[in-house]
Amino acid sequence: MTGNDPDNTGPVAQRRVRRAGSEMRIRTNRIGPLSIRATAPVLEGTLSDTDIEFTVSIDHVDTGNPLLDPELHALIRQITSGTLVFRGRKSGDTFSGSASAGNITIPLDLKAGGEDAAAVDLQGRSRFSDVHVPLPGLGHIRHLEVDIDGRLHLE
């Protein structure tokens with residue numbers, strides 16, 4: 001499979017992301033009495049020498065907390081279609097782009113590492129201020145840091 005090359009130097013080889021085993025993980029800083037650690041499966045995606053795009057099923061996020069998960073799933077379904085899409089352009093070892101879920105879009109840089117024929121590891125961080133989270137015990141958050149990492153398995 002090939003994609004378009006913006007520099008018109010020829011086709012760019014694209015590889016598909018395998019659903020099996022591909023996932024993204026998030027960790028937040030401490031929010032009141034807790035921090036959130038969650039994983040979400042990657043549904044699909046493509047990776048080339050210049051671009052990346054992948055879709056994460058955020059409505060299937062798993063925190064390991066049976067009390068928090070249903071509340072989080074309900075919140076995600078209220079404000080999004082249940083998926084998050086990251087699109088980025090490669091510059092060095094970083095993909096710079098944005099992550100979009102519903103009407104929320106945030107700029108995000110993901111550093112690529114461990115890239116080989118079978119998989120690529122991604123890492124990034126995002127910071128937010130004055131966030132309102134309508135979940136019991138969370139409410140208004142003045143400062144939120146989210147660390148993101150994951151592994152995309154390639155066909």
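Here are a few things to note about the model shown:
- When region 75-98 is limited to residues that are among the β-branched types (Val, Ile, Thr) and part of a strand (DSSP E or B), the one that is farthest from the chain's Cα centre (by Cα) turns out to be 94.
- Subset of region 52-74 (residues that are surrounded by 15 or more Cβ atoms within 10 Å (Cβ to Cβ), part of a helix (DSSP H, G or I) and modelled with pLDDT under 90): 59, 60, 68, 69, 71, 72, 73
- Meets criteria (outside any strand (DSSP E or B) and either free of Cβ contacts under 8 Å to residues at least 60 places away in the same chain or under 14 Å from residue 56 (Cβ atoms) (or both)) for residue 117: yes
- Filtered residues of region 40-51 (kept if part of a loop (DSSP other than H, G, I, E, B) and either surrounded by fewer than 16 Cβ atoms within 10 Å (Cβ to Cβ) or not β-branched (Val, Ile, Thr) (or both)): 49
- All conditions but one from (1) in contact with a helix residue (DSSP H, G or I) (Cβ under 9 Å, 6 or more places away or on another chain); (2) modelled with pLDDT of 80 or more apply to residue 18; the one that does not is (1).
The values are calculated or read from the model by the stated rules, or taken from the named source; none is laboratory data. Computed from a prediction, not measured in an experiment: that's the story for all the values here. When we count neighbours, we look across all protein chains shown, and the Cβ atoms used for this are built from the backbone with ideal geometry, even at glycine.
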